[in-house]
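Colleague: To start, I am sharing the structure in question, which I have written as structure tokens.
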Amino acid sequence: MNQTQTIEDLLEDVSKGVLDPKIALETLKRFPFSDLGSAKIDHFRGLRQIVPEAIYGPGKTPEQCGEIALELLKVPGRPVILTRANELQTSYVQTNVPGSTLFKSDQSKFGATLTWRHMKPRHENLAIVTAGTADIPVAIEIAAVLKAFGIEPQSHYDCGVAGIERILSKRDSISEAEIVVVVAGMEGALASVVGGLTSAPVIAVPTSAGYGSSFEGITALVAMMASCSAGITVVGIDNGFGAACAAMRILGEAKEEDR
């Protein structure tokens, strides 16, 4: 169910006498945003952009993360997503906001992703490919967001170009994917290679993994933007959430049979 359907259902229930108009009014009052003082919750963002407002953990107290999550959950519709949560935030919301699913890599410096209210499974085929093991935390963030929207991506780890046979061994899976998300640090060459193997949209995520001249992801970012594999979409450094959002924009709303 998306938010457009939610509003239509409310109006239909009122017209049928199934729902008290006062209850419907209280629900609609939460649109388009609610003001919590420290945050204004944009309930209509999912209508405009497919992906609803997410909660960015850094800079927020655990209590603020929990309050925002609870407010988002009051309005039926799309998933609720908390990204880059530290240990205190994660512990607090798991205790005070029931029903979360936790995604976290043990080696992650970015914290955890927590999601609520997953959508029905969709049937699109997406692949996530990392150049190295150090890129897995960003890949997990991408997968967490996609899974919240009902998409189960195929993840292929440690397929960097220094051992080209590794990515070539995944060529069939990559060729079958409707979208391929490439996560790479160092010089970021994997995105160009994958872009040359498939006609599907390629979303490139530069990461901060790498030695000195990698400049914490700047080298990979510039290399991906300058790729000779034309048409690659590039997001910001370590921006797994942004890559997942780009994939959702390309896919659009779920097909009728997947709703």
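Colleague: Just checking, how many residues over segment 172-194 are surrounded by 19 or more Cβ atoms within 10 Å (Cβ to Cβ) and farther than 20 Å from Gly210 by Cβ?
Modeller: Final tally of qualifying residues: 4.
Colleague: Among the candidates Ile136, Ile142, single out the residue that is part of a helix (DSSP H, G or I), of a type outside the set (Lys, Arg) and crowded, with 24+ Cβ neighbours inside 10 Å. Before the answer, list the steps.
Modeller: Details: Ile136 fails: crowded, with 24+ Cβ neighbours inside 10 Å.
Criteria check complete, one pass: Ile142.
Colleague: Looking at segment 220-236, I want the residues that are at positive phi and have a partner that is at pLDDT 95 or above and in a loop (DSSP other than H, G, I, E, B) with Cβ atoms under 8 Å, at least 6 apart or on another chain. Which pairs are those?
Modeller: Note: pairs meeting the criteria are Gly231/Pro201.
Colleague: Kindly establish whether Arg78 is out of contact with any Asp or Glu (no Cβ under 8 Å at 6 or more places or on another chain) and surrounded by fewer than 17 Cβ atoms within 10 Å (Cβ to Cβ). Quick ask: steps written out before the conclusion?
Modeller: Working: out of contact with any Asp or Glu (no Cβ under 8 Å at 6 or more places or on another chain): yes; surrounded by fewer than 17 Cβ atoms within 10 Å (Cβ to Cβ): no.
Against the criterion (out of contact with any Asp or Glu (no Cβ under 8 Å at 6 or more places or on another chain) and surrounded by fewer than 17 Cβ atoms within 10 Å (Cβ to Cβ)), Arg78 does not qualify.
The values are calculated or read from the model by the stated rules, or taken from the named source; none is laboratory data. Being a predicted model, the structure only gives us computed values, none of them experimental. Note that we place each Cβ from the backbone using ideal geometry, even for glycine, and neighbour counts take in every protein chain shown.
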